[in-house]
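Following: one structure in structure tokens, then a few remarks.
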Amino acid sequence: MQTSGMRVLGNGAIVAHLDGAQLTWCVGPEFTMPTALSARYGLPGGGPLTSSSTRAPRSMEWTSTLTDGPRQLGAVHDTVTPSSPCYVADVELTEPVELRFEFPHADRVVPEQTAGGVSVLARIDRFGPVFVYPAGAEAFAGVHVSGTAPIELRHDGGSVTLALAPGSYTWQLLLGRRLSQVLAPLPESARSAGARATAHYRRTVATVLPGGERLDALLRDHGVDCPPPGEQLIDASAYLITAQQSAEGAVIAGPEFPLAYLRDSYGVSRALLDLGLHDRAARLARFRVAKWQRFGDLANAESIGHDRIRHRHENDDAEAPGYAMLQVLDALAPESVDGLGDLLDWCWRAQVASLRDGVVPFNGDETYVAGGFLDRSFLRYGSFESTLVMIRSGERYAEFLTPRDPRRAAAVREVVQQTMSVFAERFGGPAGWLTAARVGGAVEERHGVCEACHDYPTWLVRNSGGRFVCVRCRDADLPPAAWHEVSVPTAQLLPALLPGPPVPHQTLIDAARVAAGVLLDPGARSNGHDVGMCLMALPAGDPHVPGLLRQAVERFDRDAGWPERFRGDQPDGSRRRPWETALNLLALRTLADRHERTRT
């Protein structure tokens, strides 16, 4: 098990990412916004110090130590107040320390000495960047610091530095859409707020979570040395996911991508349901339903807390609507789904319209394209995963329709059967399943990423070589798009999550064994969730299982879960990821349940 020091605090109204005691990113109550600020502790004069953090089991309270080599400088106890966009920290110092606030996206920073300490008000620029978009609205941050000793204040443009003498301090960060919401601190210390936040977490999350005994037995019986207790792994993963869920139900993908992605939401929903957090899974589904009701369609990813950003990619209708169907049908009660026939119909028709020569193309933000495993030219071809999602969502839709509209159900089943019938033909290769299938025809324009300069998002046109380029790159010297068969072993594992025909169970096992050989290579580059998908696909007694279990546990970060990708054993890409953490936890719990059945 790794311990990077990366951690999360969140309550539905605010999300804060920290490295030890250092606050690195924070948004709320709208999650799709530029970070309000960073806050870093340092030595007098600006030198770095070291911090490490621990979280009490099943709680919302963290304690961090501040050190300079062997010298203890103090401690920080922090949390978020229940249901309010407020981070609060109690600081106990035995040595002088500086606390530096940076406001990288503020167009106004106004610090002032107050009777009780220091207050800093900041306005976040409405044109501040959110991924590749402007925020579109201003927001406000208020920092309020009080203590038992005088505080020296220094202001330099977008930064404010406080010199803190030995003593006790409390500081709060409030976020809001209006200035009036951040003018004054709440009557809270970190300890009082933490006690209330912990009580709420235990009541709504921790008490629902399953125990870890089966996971303990699975790891012990497979020879995994010194694993974290199963209960700790389950709680840490559930905490990471729920801390990044907004009040309206959406879950962010990460600080680099503070949006609600459709595919990611499906994986998180599956884990929430498995953990018994049904209300949170339902809220996540209702977030997507509400977006469709407002716009009449679904984007690849949606903004959280507002509707100003809709993140669109190439082929948005190819895969995402199928995941939306599965999520709604899984997570919502039947009486709720009864009123969503129009949504399900739109999702189905969008997928049918995207069919090319009987298969569904890649989504432009799909894992293997966006992650660089496949060239963007493959977006014109059929996708193994996208086509399987259409088949599974069509089966579920037909089941939903049967008692309501038998004729429509039969029509849906006919399309599903037709798609199944060509699946093996199009994706079957000489040495196993292919990741992509060649299709005829091509569109002349699309919206997405330029294949020459990678500008995004913009409208693109197809050049004479079949590449899609932006207005600046129409004459760029690019090799022509050329078809070649490709098989990414881990891309064949989706049937582990969505089992059934047309992929025979033994074929899935064979693909998983090939993928396991790749994943167990110490230098392999892989997605963060690949090990979980592989474990779900393999039978309990497969010789690869012990090594994969060991890899999954060793790569788990105690406070940050699993990351977006790995290069060998080193985390790569975005961290503190709900999607990868959700799928790997789901896989471990699925294997633990299977293992328990074999033991009894």
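Quick one: count up the residues across the stretch 412-444 that are among the small types (Gly, Ala, Ser) and more than 30 Å from residue 464 (Cβ to Cβ).
So in the stretch 412-444, the residues among the small types (Gly, Ala, Ser) come out as 421, 424, 428-429, 431-432, 436-437, 440-442.
Going one step further and asking which of them are more than 30 Å from residue 464 (Cβ to Cβ), we end up with 421, 424, 428, 431-432.
Number of matching residues: 5.
Being part of a strand (DSSP E or B), of a type in the set (A, V, I, L, M, F, W, C) and in contact (Cβ under 8 Å) with a residue 60 or more places away in the chain is the filter; apply it to the stretch 106-151 and report the residue that is surrounded by the most Cβ atoms within 10 Å (Cβ to Cβ).
Taking the stretch 106-151 as the starting set, the residues that turn out to be part of a strand (DSSP E or B) are 106-113, 117-124, 129-130, 133-134, 139-147, 151.
Checking the rest, the ones that are also of a type in the set (A, V, I, L, M, F, W, C) come to 106, 109-110, 118, 120-122, 124, 130, 139-141, 143, 145, 151.
Filter again for in contact (Cβ under 8 Å) with a residue 60 or more places away in the chain, leaving 106, 121-122, 124, 130, 139, 141, 143.
Working: 106: 24, 121: 19, 122: 24, 124: 25, 130: 23, 139: 29, 141: 25, 143: 26.
Result: 139.
Does residue 236 satisfy the criteria of being more than 30 Å from residue 309 (Cα to Cα), touching a Lys or Arg at 6+ places or on another chain (Cβ under 7 Å), buried (at least 22 other Cβ atoms within 10 Å of the Cβ) and modelled with pLDDT of 95 or more? Quick ask: steps written out before the conclusion?
Working: more than 30 Å from residue 309 (Cα to Cα): yes; touching a Lys or Arg at 6+ places or on another chain (Cβ under 7 Å): yes; buried (at least 22 other Cβ atoms within 10 Å of the Cβ): yes; modelled with pLDDT of 95 or more: yes.
Yes, satisfied.
Could you say whether any residue in the stretch 414-436 is modelled with pLDDT of 90 or more and over 23 Å from residue 508 (Cα atoms)?
Yes: one or more hits.
Report, ordered by the first and then the second residue, all pairs with beta carbons closer than 7 Å, sequence separation of six or more or different chains, a first member in the stretch 436-450 that is within 9 Å of residue 381 (Cα to Cα), and a second member that is part of a loop (DSSP other than H, G, I, E, B) and open to solvent by 50 Å² or more (accessible area, probe 1.4 Å).
Taking only residues 6 or more apart or on different chains, the pairs are 438/483; 439/357; 440/357.
What residue, of 214, 178, 203, is over 22 Å from residue 64 (Cα atoms), exposed (fewer than 14 other Cβ atoms within 10 Å of the Cβ) and out of contact with any strand residue (DSSP E or B) (no Cβ under 7 Å at 6 or more places or on another chain)? Let's see the steps before the verdict.
Working: 214 fails: exposed (fewer than 14 other Cβ atoms within 10 Å of the Cβ); 178 fails: out of contact with any strand residue (DSSP E or B) (no Cβ under 7 Å at 6 or more places or on another chain).
None of the others qualify; the one that does is 203.
Considering only residues that are over 20 Å from the mean Cα position of the chain (by Cα) and not polar (S, T, N, Q), which ones fall in the stretch 484-495?
Within the stretch 484-495, the first condition is being over 20 Å from the mean Cα position of the chain (by Cα), and the residues that meet it are 484-489, 492, 495.
Selection gives 484, 485, 486, 488, 489, 495.
Being modelled with pLDDT of 95 or more and either surrounded by fewer than 21 Cβ atoms within 10 Å (Cβ to Cβ) or not in a helix (DSSP H, G or I) (or both) narrows it down to one of 339, 305, so name that one. Reasoning before the result, please.
Numbers: 339 fails: modelled with pLDDT of 95 or more.
Answer to the selection: 305.
Only one of (1) assigned to a loop (DSSP other than H, G, I, E, B); (2) modelled with pLDDT of 95 or more; (3) open to solvent by 10 Å² or more (accessible area, probe 1.4 Å) fails for residue 249. Which number is that?
Single failed check for residue 249: (3).
For the stretch 483-532, give me each residue that is assigned to a helix (DSSP H, G or I), among the polar types (S, T, N, Q) and under 12 Å from residue 435 (Cβ atoms). Talk me through it step by step, then tell me what you get.
At the first step, the residues of the stretch 483-532 found to be assigned to a helix (DSSP H, G or I) are 489-492, 494-496, 505-519, 530-532.
Remaining after also requiring among the polar types (S, T, N, Q): 490, 492, 506-507.
490, 492, listed by residue number.
The values are calculated or read from the model by the stated rules, or taken from the named source; none is laboratory data. Just so it is clear, the model here is predicted, and its values are computed rather than measured. In this analysis, Cβ positions are derived from the backbone assuming ideal geometry, glycine residues included, and neighbour counts consider all displayed protein chains. Accessible surface areas use protein heavy atoms only, side chains included; no ligands, DNA or RNA. Shrake-Rupley method; radii C 1.70, N 1.55, O 1.52, S 1.80 Å.
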